[in-house]
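The values are calculated or read from the model by the stated rules, or taken from the named source; none is laboratory data. Quick caveat, the model's predicted, so the values are computed rather than measured. Cβ sites come from the backbone with ideal geometry, for glycine too, and all protein chains shown count toward neighbours.
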Amino acid sequence: MMRILHSVSDLRRLARTHRRDGKTLGLVPTMGALHAGHASLIQAAVASCDKVAVSIFVNPTQFGPNEDFSRYPRSFDADCALVSGEGAGVVFAPTVEELYPEGAASFVEVEGLSGRLDGASRPGHFRGVATVVAKLLLAAEPDRVFFGQKDAAQVAVLRRMVTDLRFPTEVVVCPIIREPDGLALSSRNIYLSPEEHRQALVLSRAVRRVEALVAKGQRTASALVSAARRIFAAEPEVRIDYVELVDWATLEPAETALPGTLFAVAAWVGATRLIDNTILA
Ligand code: PAF
């Protein structure tokens, strides 16, 4: 039977009981509107932890003033059905007031990395992400926490935070899940019209092009970025936010593609901002 918890104290009590019983706990933080990408995180958690909690919380502090917080897709009942179907035992669904008590003035800032990639075009975004994930980790103290590689810059920020604040939690990163046509799954894909969906395929095409060039031996960042930009040029309606080759740990620009280097793109398709990436082999 899956349990739905709403308060931090209930989650903390449940987590402590599990730990006392010698059971491992996995946490999958989400903002709901769950899709097959989230399902893959839950499956990885269920496969490696005795108990799994999935948090569903649309975190207001990671949205900018002109972003889509109020219209972000919310589908709580369907989300709970998916979580239960994947075999996770707990949904944690706090209210905004529960995670941000009145007058809340404490935030977690991961300096440097938070201003790179998505953080450059979404000021304050990673401060909101780091803050809410820190709150979740403090409440659940999970053995493992699961994130998708799709949000590669978020992963870098959160890995840094987990290391810096010595959270006793292992960060597990799961592969990007794609539509059969290549589009990386995202809760925001439902904003796309059929024509925008077609245009959005340029992101995965650019990623695949860079993977192919690296496989052929091209390692120079400027050549890889130019090749990806040429792919984007074929879809002039799509507005590039960034096309970058960076060190995945620091998010600093890389001049050469080494194993583990992150190639990441972000672009606006109509009113929807999408991201995609690959970790180079
Ligand atoms: O990746 C997300 O869905 C969110 O950024 C996260 C990690 C759940 C924090 O709100």
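Remarks
- Residues that are of a type in the set (S, T, N, Q) and either away from the ligand (no atom under 11 Å from the Cβ) or touching a strand residue (DSSP E or B) at 6+ places or on another chain (Cβ under 6 Å) (or both), drawn from the stretch 120-150: 121, 149
- Any hit, the stretch 61-68, residues being without any contact (Cβ under 8 Å) to a residue 60 or more places away in the chain and touching a strand residue (DSSP E or B) at 6+ places or on another chain (Cβ under 8 Å): no
- The residues of the stretch 249-270 that are surrounded by 18 or more Cβ atoms within 10 Å (Cβ to Cβ) and either part of a strand (DSSP E or B) or touching a residue at least 40 places away in the same chain (Cβ under 8 Å) (or both), listed by number, are 251, 257, 262, 263, 264, 265, 266, 267, 269.
- Filter result (among the β-branched types (Val, Ile, Thr) and more than 20 Å from residue 121 (Cβ to Cβ)) within the stretch 232-258: 256
- Summed over the stretch 224-248, the residues that are surrounded by 14 or more Cβ atoms within 10 Å (Cβ to Cβ) and over 20 Å from residue 271 (Cα atoms) give a count of 10.
- Residue 177 passes every criterion in (1) more than 13 Å from the ligand (Cβ to nearest atom); (2) hydrophobic (A, V, I, L, M, F, W, C); (3) free of Cβ contacts under 8 Å to residues at least 40 places away in the same chain apart from (3).
- The helices (runs of 4 or more DSSP H) found wholly in the stretch 1-118 and carrying at least 3 residues that are at pLDDT 95 or above, surrounded by 15 or more Cβ atoms within 10 Å (Cβ to Cβ) and within 12 Å of the ligand (Cβ to nearest atom) occupy 36-48.
- Which listed residue, of 206, 212, 200, 221, is under 25 Å from residue 72 (Cβ atoms) and at pLDDT 95 or above: 200
- Hey, residue 153 away from the ligand (no atom under 11 Å from the Cβ), of a type outside the set (Lys, Arg) and assigned to a helix (DSSP H, G or I) or not: no
- Some residue of the stretch 168-181 being within 22 Å of residue 8 (Cβ to Cβ) and of a type in the set (Lys, Arg): no
- Of all residues making up the stretch 108-142, the number that are free of Cβ contacts under 8 Å to residues at least 60 places away in the same chain, more than 26 Å from residue 244 (Cβ to Cβ) and touching a Ser or Thr at 6+ places or on another chain (Cβ under 8 Å): 0
- Test: residue in the stretch 271-280 that is in contact (Cβ under 8 Å) with a residue 12 or more places away in the chain, in a strand (DSSP E or B) and more than 25 Å from residue 160 (Cβ to Cβ): yes
- Residues within the stretch 120-152 that are in contact with a Phe, Trp or Tyr (Cβ under 9 Å, 6 or more places away or on another chain) and of a type in the set (S, T, N, Q), tallied: 2
- Unmet requirement for residue 182, which otherwise passes all of (1) more than 16 Å from the ligand (Cβ to nearest atom); (2) in contact with a Ser or Thr (Cβ under 6 Å, 6 or more places away or on another chain); (3) outside any loop (DSSP other than H, G, I, E, B): (3)
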